[in-house]
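*Asks:* Before I ask anything, here is the structure I am working with.
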Amino acid sequence: IFLDDYAVPVFDVELPGSLGRMCKAVSAATETPIELGVAMALGTIATAIHGKMVVQVKPGYIEPTNLFLVAALDPSNRKSAVNGTMTKPLTMWEAGKRDLLDARIKQVESENKSKEARIKSLRGKYGNAKPDQAEAIQKEILNLEMSVEEVPRVYRTWAQDITPEHLGVMIGVNGGRISIISAEGGIFEIIGGRYSNGVPNLDVFLQGYSGDPLRVDRGSRPSLFVASPALSMVLSPQPEVLRSIGEKKSFRGRGLLARFWYFIPVSNLGYRTLETEPIPEGVSNGWEGLIQTLLDIKPQT
């Protein structure tokens with residue numbers, strides 16, 4: 001028995017509001033199975049809110065809002081088009097924040113360089129200074145070092161081709177949360193050991209899903225600790241990729257595959273009419289507004 005036996009032609013859940021309207025419009029405009037759009041849309045919402053909200057099922061039972069989603073389809077099913085359309089608000093929001101921070105980043109970088117140059121000059125003078133002069137130099141060096149600011153970082157909503165080691169670092173410096181979003185399934189090869197001599201590295205993915213504390217110690221870099229990391233994954237690999245990862249004992253034995261919500265749509269290839277209408281502007285504007293509103297919610301500390 002494999003996933004082919006569970007493919008169904010229609011997603012029969014009525015989704016509300018802007019989410020439902022966008023999924024239907026994207027499916028109609030691209031002539032793709034609605035399941036593909038639903039997976040990408042739910043993953044986009046999860047990306048916007050994970051690490052900010054939880055679901056209280058009942059008192060004492062809380063679930064995080066990050067999701068692992070897979071919509072498996074063969075090539076030429078317009079996966080990239082649907083992915084790009086659904087996740088566009090994430091990219092737009094990032095670009096807007098980057099524009100706002102750009103001037104401040106340049107200012108801080110410039111000021112820090114000037115302070116570092118002054119510190120270097122003072123250290124050169126310290127060795128030949130008299131005791132009273134050396135004390136004043138040391139005091140100025142200390143004040144300058146304490147005034148060096150951390151360069152503001154632009155928050156990243158998602159990543160794609162990333163190693164498990166760097167993912168841990170990215171989560172740590174990115175407010176404890178990020179998503180992996182891709183129209184392919186290459187991340188499974190990376191998890192399985194593409195860059196680590198075939199040795200699977202699942203820890204950061206399992207911890208990011210369940211919110212278990214994450215500590216990253218990497219050589220000369222400062223240690224990072226995230227009390228409750230939040231990782232979402234939104235992928236649309238080929239069905240053959242799912243077959244191959246299903247054979248990996250480490251993926252099954254440690255529960256990675258059980259964490260995904262699988263969408264196995266019936267392809268529209270061979271049945272497209274090419275007589276479609278674009279997504280209505282009101283629908284796309286509503287979707288973009290929803291996601292950007294969710295992204296602007298401040299995480300509680």
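Rule-based calculations on the coordinates, nothing more; no lab input. Note that this is a predicted model, so its numbers are computed, not measured. When we count neighbours, we look across all protein chains shown, and the Cβ atoms used for this are built from the backbone with ideal geometry, even at glycine.
*Asks:* Would you work out if the range 10-140 is rounded, prolate or oblate? Take a ≥ b ≥ c from the square roots of the eigenvalues of the alpha-carbon gyration tensor; rounded if a/c is under 1.5, else prolate when a/b is larger than b/c, oblate otherwise. If you can, show how the numbers build up before the last one.
*Replies:* Numbers: a/c = 4.36, a/b = 2.66, b/c = 1.64.
Prolate is the answer for the range 10-140, as a/c is 1.5 or above and a/b outweighs b/c.
*Asks:* Shape of the range 227-301 from its Cα gyration tensor (a ≥ b ≥ c, root eigenvalues): rounded if a/c is under 1.5, otherwise prolate when a/b > b/c, or oblate?
*Replies:* oblate
*Asks:* Separate question: Given an 8 Å cut-off on Cα distances and at least 6 residues of separation, report the relative contact order of the chain as a percent.
*Replies:* Normalised by residue count, the contact order of the chain is 32 percent.
*Asks:* On to the next question. Once you put a point 7 Å from the Cα of Glu247 and another 7 Å from the Cα of Gln56, both along the Cβ direction, what distance in nm separates them?
*Replies:* About 4.8 nm, to one decimal.
*Asks:* Calculated FRET efficiency, Ser147 and Val173, Cβ-Cβ r, R0 25 Å, to nearest 0.05?
*Replies:* For R0 = 25 Å, the calculated efficiency reads 0.70.
*Asks:* I've got another one for you. Would you please give the residues with an amide H less than 5 Å from that of Ala71, counting only those at least 5 places away or on a separate chain, with H modeled from the backbone geometry?
*Replies:* Amide H to amide H, under 5 Å and 5 or more residues apart or across chains, Ala71 pairs with Leu235, Ser236, Phe263.
*Asks:* Could you tell me what percent of the DSSP beta bridges with both partners in the chain are antiparallel, to the nearest 5?
*Replies:* Around 30 percent of the beta bridges assigned by DSSP in the chain are antiparallel ones.
*Asks:* Can you give me the distance in nm between label points at Lys125 and Asp296, each placed 7 Å from the Cα along the Cα-to-Cβ direction?
*Replies:* It works out to 4.9 nm between the two label points.
*Asks:* Label points 7 Å out from Cα along the Cβ direction at Ala134 and Ile105: separation in nm?
*Replies:* Label at Ala134, label at Ile105, 4.2 nm between them.
*Asks:* I've got another one for you. What fraction of the Cα pairs in the range 101-205, stated in percent, has a spacing above 18 angstrom?
*Replies:* So the pairs more than 18 Å apart make up 66 percent of the total in the range 101-205.
*Asks:* Subtracting the Cα-Cα distance from 0.36 nm times the residue separation, let me have the gained length for Leu269 to Ser210 in nm, one decimal.
*Replies:* Taking 0.36 nm per residue and subtracting the Cα distance, the gain is 17.5 nm.
*Asks:* Between the alpha-carbon centers of the range 35-52 and the range 54-96, tell me the distance in whole angstrom.
*Replies:* Here the two parts' Cα centres lie 2 Å apart.
*Asks:* Another one. Residue-wise, which Karplus ³J(HN,Hα) couplings in Hz belong to the range 52-62, taking 6.51 cos²θ - 1.76 cosθ + 1.60, θ = phi - 60°, and x for glycine or proline?
*Replies:* 10, 10, 9, 10, 8, 5, 6, x, x, 10, 10
*Asks:* Name the residues whose placed amide hydrogens come within less than 5 Å of the amide hydrogen of Val266, ignoring near sequence neighbours (fewer than 5 apart) on the same chain.
*Replies:* When sequence neighbours closer than 5 places are left aside, the close amide H contacts are Val8.
*Asks:* From the cross-link list Lys24/Lys79; Lys88/Lys298; Lys24/Lys88; Lys24/Lys52, which pairs have alpha carbons spaced over 19 Å apart?
*Replies:* The answer is Lys88/Lys298; Lys24/Lys52.
*Asks:* If a paramagnetic tag sat 7 Å from the Cα of Asp217 along the Cα-Cβ line, which residues of the range 188-209 would have the backbone N under 17 Å from that point?
*Replies:* 204
*Asks:* Using Cα atoms only, what is the angle between the long axis of helix 281-295 and the major principal axis of the chain, expressed in degrees (0 to 90) to the nearest 10?
*Replies:* The answer is roughly 40 degrees.
*Asks:* Using amide H atoms built in the peptide plane, which far-off residues or other-chain residues are under 5 Å from Ser179 H to H?
*Replies:* Trp158, Ala159, Ser232
*Asks:* Using per-residue counts of other Cβ atoms within 10 Å, averaged over each peptide, order 130-140, 232-242 from highest down. Please report the intermediate quantities before stating the final value.
*Replies:* Details: 130-140: 11.6, 232-242: 21.5.
By packing density, highest mean first, the sequence is 232-242, 130-140.
*Asks:* Where does each of 143-154, 24-35, 57-68, 187-198 land if you order them by average Cβ count within 10 Å, highest first? Don't jump to the answer; show the numbers that get you there.
*Replies:* Details: 143-154: 11.7, 24-35: 20.7, 57-68: 13.5, 187-198: 15.8.
Highest to lowest by the protection proxy: 24-35, 187-198, 57-68, 143-154.
*Asks:* Please list 205-212, 223-230 highest first by mean number of surrounding beta-carbon atoms within 10 Å per residue.
*Replies:* Final packing ranking: 205-212, 223-230.
*Asks:* Quick check on the range 150-301: take the gyration tensor over C-alpha atoms, sort the square-rooted eigenvalues as a ≥ b ≥ c, and tell me if it's rounded (a/c under 1.5), prolate or oblate.
*Replies:* In terms of gyration-tensor shape, oblate.
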